Amino acid sequence: MTYLAAAYGVIWLVVFILVFSMRRRQEKVVEQLETLEEIINEKQ
């Protein structure tokens, strides 16, 4: 039973790490898109 609880905890830890990582990547993509939009607007 101890192994089951440990595995459950490890799985949730991995899930949280993945979600946090995806959130950070998404923020970077949004920043890049905003920069690209500014560049496009300047050229018009």
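Can you tell me the dipole magnitude for the chain around its Cα centre, using point charges on the Cβ only (Lys, Arg +1; Asp, Glu -1), in Debye to the nearest 20? Present the calculation step by step, with values, prior to reporting the outcome.
Values: 5 positive and 6 negative charges, 68 e Å.
That gives a dipole near 320 debye.
Specify the angular offset, from 0 to 90 degrees and rounded to the nearest 10, of the alpha carbon long axis of helix 2-43 from the longest principal axis of the alpha carbons in the chain.
On a 0 to 90 degree scale, this one is about 0.
Using +1 at the C-beta of Lys and Arg and -1 at the C-beta of Asp and Glu, which of Leu36, Gly9, Phe20 has the Cα lying farthest in the positive direction of the dipole of the chain?
Selected residue: Gly9.
Peptides 34-44, 15-25: what's the order by average Cβ count within 10 Å, highest mean first?
Values: 34-44: 8.5, 15-25: 10.0.
Most protected by this proxy first, the peptides run 15-25, 34-44.
Values in this text are rule-based calculations from the coordinates and carry no lab data. In this text, all values refer to a predicted model and were calculated from it rather than measured experimentally. Note that we place each Cβ from the backbone using ideal geometry, even for glycine, and neighbour counts take in every protein chain shown.
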